[in-house]
Amino acid sequence: MFDSLSSKLQNAFRNLRGLGKISEANASEALREVRLALLEADVNFKVARDFIERVKTKALGQEVVQSIQPGQQIVKIIHDELVELLGSANASLQLSGNPSCVLMVGLHGSGKTTSSGKLGRLLHKQGRTPLLVAADVYRPAAMDQLETLGKQLELPVYVHKGETDVLKIAREALAFAKANNRNTLIFDTAGRLQIDEPLVQELVRLRDLVKPQETLLVLDAATGQEAVNVAMHFDQALNITGSILTKLDGDARGGAALSLRSVTGKPIKFAGMGEKLEDFEPFHPERMASRILGMGDVVSLVERAAEAVDLDDAQRMEEKMRKGQFSLEDFLEQLRQMKKLGSLESIVSMLPGGAEALKGADLGKQEKEFSHMEAMICGMTPQERRNSHILNARRRQRIARGSGVSVTELNTMLNKFAGMQQMMKKMGKFQKMMARMGGGAAGLLRPR
Amino acid sequence: MGLFAKFKAGLQKTHSKLAHEIKRIVTRSPKLDATAFEELEASLLGADLGTTITDQIIVAVKQAYETQGSAGGNVFAVARREVEKSLASNQPALRKTPGGLTVVSIVGVNGTGKTTTAAKLAHLVQARGETALLAACDTFRAAAIEQIKHWGQRLKVPVVAGAYGADAASVAHDAVTAAQARKADYLFVDTAGRMHTKHNLMQELQKLHRVMGKQLPGAPHEVLLVLDATTGMNALNQAREFNKAVPLSGLIVTKLDGTSKGGMVVAIQKELGLPIKFIGLGEHADDLQPFDPAQFAEALFAE
């Protein structure tokens with residue numbers, strides 16, 4: 001998406017070169033593309049309109065820096081503006097009282113119960129003693145759900161089954177917390193529509209009773225135009241202190257985040273990234289901005305890579321590649337390193353335009369192929385791995401049998417590998433040549 | 001494209017524009033003015049129809065509005081008709097296997113209301129005097145089985161369930177066997193919520209369907225995707241991916257009792273041609289209504 005947005009912008013600005021300045025006339029087409037991108041990402045249309053206006057005033061009159069292309073310059077302005085709007089740094093919870101209370105509110109199915117559990121886990125790790133309170137008296141088995149989560153997390157849960165008075169449950173929970181030395185209460189409330197006045201009033205009464213330090217609105221990242229109404233109503237009724245954006249492991253672009261921020265002005269504090277209880281992170285405005293614009297989450301990928309890949313190893317590998325001494329042994333190492341990064345699906349989806357590219361491809365198949373390759377290399381002796389040219393027919397038959405593939409498959413893999421080796425040798429030569437010519441291009445080719 | 005072809009294409013555009021304009025003058029139709037246009041665009045975008053469909057509808061409205069004379073009503077009336085027309089389908093509400101068991105699989109992403117919908121469907125079928133059975137195939141989410149069991153008790157519908165962490169396909173297998181033994185008319189299979197981007201979870205769903213199909217040829221007879229009306233453009237991705245993994249037979253839009261309009265179904269209908277079978281309007285058992293395109297279109301443009 002980013003690729004297409006940026007290339008569309010590039011097209012829109014083709015005629016701009018030489019003009020020197022971004023003007024109203026020449027920016028309008030580009031800004032229309034940006035507006036479309038925002039709308040496709042589910043940013044509310046009013047919010048998108050205001051946002052475009054703001055970007056326009058910022059961009060107008062700016063000198064087009066010679067070295068940068070104007071399209072990219074606009075993207076940068078937009079990105080920076082988005083980050084600023086989404087909150088420049090991630091905000092943490094303000095839990096000062098004893099006991100402190102956190103109220104989780106939101107629509108049905110936005111993920112309040114799961115987020116309550118996840119938040120409990122996080123606070124527990126930070127050294128607090130959380131108590132989960134099952135305050136959803138409407139949905140069947142909501143209390144069982146929280147109880148199960150509590151068991152999984154080894155955290156206490158206050159449950160009073162059969163009780164339908166939320167306030168009574170809250171009072172009992174406060175007393176329970178005091179008696180059992182729990183300093184943070186997390187109230188998992190029932191899902192409700194923001195326009196359901198009696199139910200919203202019930203929340204208001206609950207808030208007045210427990211005086212929460214934090215009232216968090218839980219919102220599904222795939223929410224559409226409605227996000228504005230939902231956020232506004234909940235904020236007006238309860239004066240929320242922040243929000244949690246859930247289900248970010250999907251491919252929703254999450255424009256709702258922008259709507260949410262610009263209507264309430266309250267920070268987004270956490271992001272739910274999956275069904276597992278540890279899939280919970282502080283919210284990163286920078287990453288969200290990239291996501292809304294469809295720029296991929298390169299930052300997260302780099303972070304993961306830094307965790308999984310040893311820098312010295314990487315340098316050694318690069319040296320080998322350049323000299324064309326890349327053996328099957330090194331190839332195996334690379335395959336394994338890639339596995340450490342996570343599934344192919346998750347890696348590609350983090351790349352710019354990756355989500356788009358993923359649509360057609362069945363990566364599970366690719367992944368299977370990789371594991372076959374690994375098996376084949378594992379079936380070779382160290383000597384064979386270092387010198388693949390000693391692999392005669394007998395050896396090949398043995399390896400194929402040992403790794404459960406046909407000889408043809410093995411041959412295909414070896415051919416691919418030989419092609420790779422050739423390629424690397426050429427690259428190495430090319431780099432050397434470029435370096436001799438004194439060009440900086442060599443640096444571009446070298447992975448840093 | 002050759003030079004001549006280019007000219008021809010260029011002229012074609014001019015020609016159709018001119019024809020349109022002449023028709024407008026002959027029928028004495030009013031021209032669509034800028035404010036009406038903007039209002040229409042805002043309400044279409046605001047109802048989550050997305051930019052592509054919004055543009056298409058606006059073009060269609062322009063065509064219709066400017067050629068049908070002043071009797072056609074205002075822009076919104078025309079737009080309403082356009083949407084209604086595109087949503088109309090002749091599919092019956094819920095398929096029925098004559099003289100046998102009909103298996104209905106309920107699928108969707110997390111938190112759209114699959115369990116509640118499964119229960120509501122069972123209630124609906126029961127109210128018609130037919131027998132239903134529920135299968136608790138969400139063995140992953142905490143307390144999902146309890147939730148559907150509560151519903152079963154409330155509605156007096158038998159529930160077939162396994163243990164947490166059990167293979168959902170084995171539960172489905174047992175459920176089909178049980179439904180056949182009881183000679184039930186319908187079996188509603190409540191599957192676990194899954195993100196459409198998770199390849200392995202989608203494969204699990206395929207397996208679930210495969211197992212049921214082996215047990216009873218033709219099953220599941222109906223695969224319904226549950227969509228949350230508050231979802232925006234992502235709903236189209238959800239429908240696409242689910243349809244790719246397990247061919248869908250229809251949609252159910254839930255949570256339409258709020259202020260969400262659920263406009264993305266227009267885009268889904270257009271691309272995938274899936275009929276909307278029911279809409280969910282609340283938390284009670286009888287809050288599931290058959291879909292009515294006219295009503296839906298009207299609500300779309302209501303303030």
### Query
Going by the structure shown, is A:D235 assigned by TED's automatic domain parsing to the domain that holds A:T114, part of a loop (DSSP other than H, G, I, E, B) and under 26 Å from A:I292 (Cβ atoms)?
no
### Message
Given the criteria surrounded by 14 or more Cβ atoms within 10 Å (Cβ to Cβ), in contact with a Lys or Arg (Cβ under 6 Å, 6 or more places away or on another chain) and at pLDDT 90 or above, does A:L122 qualify?
### Response
no
### Query
Any residue at all in region A:247-257 that is more than 10 Å from chain B (Cβ to nearest Cβ) and either of a type in the set (S, T, Y) or without any contact (Cβ under 8 Å) to a residue 24 or more places away in the chain (or both)?
no
### Query
Within the group A:L217, A:L203, A:L193, which residue is in contact (Cβ under 8 Å) with a residue 60 or more places away in the chain, assigned to a strand (DSSP E or B) and under 32 Å from the mean Cα position of the chain (by Cα)?
A:L217
### Query
How many of the residues in region B:171-183 are in contact (Cβ under 8 Å) with a residue 40 or more places away in the chain and out of contact with any His (no Cβ under 9 Å at 6 or more places or on another chain)?
8
### Query
Any idea which of (1) among the hydroxyl-bearing types (S, T, Y); (2) modelled with pLDDT of 85 or more; (3) more than 14 Å from A:H372 (Cα to Cα) is the one A:S403 doesn't satisfy?
(3)
### Query
Does B:V223 qualify as being away from chain A (no Cβ under 14 Å), in contact with a Cys (Cβ under 6 Å, 6 or more places away or on another chain) and assigned to a strand (DSSP E or B)?
no
### Scan of region B:171-205 for residues that are more than 14 Å from every other protein chain (Cβ to nearest Cβ), in a loop (DSSP other than H, G, I, E, B) and of a type outside the set (A, V, I, L, M, F, W, C), ordered by number
B:R182, B:K183, B:D185
### Exclusive hit being within 14 Å of chain B (Cβ to nearest Cβ), part of a helix (DSSP H, G or I) and at pLDDT 70 or above, set A:V43, A:V47
A:V47
### Task
List every residue pair whose Cβ atoms lie under 6 Å apart, where the two residues are 6 or more positions apart in sequence or sit on different chains, the first residue falls within region A:268-296 and is in a loop (DSSP other than H, G, I, E, B), and the second residue, located anywhere, is modelled with pLDDT of 80 or more and of a type in the set (V, I, T).
A:F283/A:I268
### Residue identified as touching a strand residue (DSSP E or B) at 6+ places or on another chain (Cβ under 8 Å), assigned to a helix (DSSP H, G or I) and farther than 30 Å from A:G117 by Cα among B:Q63, B:Q126, B:Q91
B:Q126
### Query
In region B:253-275, is there at least one residue being away from every other protein chain (no Cβ under 14 Å) and over 15 Å from the mean Cα position of the chain (by Cα)?
no
### Residues that are part of a helix (DSSP H, G or I) and either within 18 Å of B:H221 (Cα to Cα) or basic (K, R) (or both), drawn from region B:153-167
B:R154
#### Entry: Which numbered condition A:K266 fails, given (1) buried (at least 24 other Cβ atoms within 10 Å of the Cβ); (2) in contact with a Ser or Thr (Cβ under 7 Å, 6 or more places away or on another chain)
(1)
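The values are calculated or read from the model by the stated rules, or taken from the named source; none is laboratory data. These numbers were taken from a predicted model, which means no experiment stands behind them. Every residue, glycine as well, gets a Cβ built from its backbone with ideal geometry; the counts of neighbours run over all protein chains shown.
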